[in-house]
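Worksheet for the structure shown next.
Each value in this text was obtained by applying a stated rule to the coordinates, not by laboratory testing. Model, not experiment: these values are computed from the prediction. Neighbour counts run over all protein chains shown; Cβ positions are idealised from the backbone, glycine included.
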Amino acid sequence: MRLLDLKGLGPKSVSWLETVGIDNLQTLESVGAVKAYLRIQKAGYKPSMNLLYALVGALEDRHWADVAKLERERLLNELEMAQELEQMFAGELKDKEDA
């Protein structure tokens, strides 16, 4: 199945996903919505939280608005935790490079 065929993903979202190496459903499933969202941010794009909800909705065949309404808090927490882990990991790499 093409990414463009998934519920809630439009051409712009699919273009961003492809730019960060996510070009099919299997890859999106293995990366997950939160990490895909973070990859898009790191690539210099400015996605809204609606993209995160749309990614979850695409993986679960749900409308992004339903995801936002029912899982907003959980996804925000998961995103925050993922960002903190990445910052910690980046700090550890920097420490190793400096040593």
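Values computed for the structure shown
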| read-out | value |
| --- | --- |
| Selection status of ALA90, aliphatic (A, V, I, L, M), surrounded by 11 or more Cβ atoms within 10 Å (Cβ to Cβ) and assigned to a helix (DSSP H, G or I) | no |
| Looking only at the range 26-37, and only at residues there that are out of contact with any Leu (no Cβ under 7 Å at 6 or more places or on another chain) and of a type outside the set (Val, Ile, Thr), the one that is surrounded by the most Cβ atoms within 10 Å (Cβ to Cβ) | LYS35 |
| Residues that are assigned to a helix (DSSP H, G or I), closer than 12 Å to ALA54 by Cα and of a type in the set (A, V, I, L, M, F, W, C), drawn from the range 5-16 | VAL14 |
| Out of GLU80, GLU60, GLU84, GLU18, sole residue that is touching a residue at least 12 places away in the same chain (Cβ under 8 Å) and among the acidic types (Asp, Glu) | GLU18 |
| Per-region count, the range 7-35, residues among the aliphatic types (A, V, I, L, M) and more than 25 Å from GLU80 (Cβ to Cβ) | 2 |
| Residue satisfying condition, being among the hydroxyl-bearing types (Ser, Thr, Tyr), in contact with a helix residue (DSSP H, G or I) (Cβ under 6 Å, 6 or more places away or on another chain) and not in a helix (DSSP H, G or I), within set TYR45, TYR53 | TYR45 |
| Breaking point among (1) assigned to a helix (DSSP H, G or I); (2) surrounded by 15 or more Cβ atoms within 10 Å (Cβ to Cβ), for LEU85 | (2) |
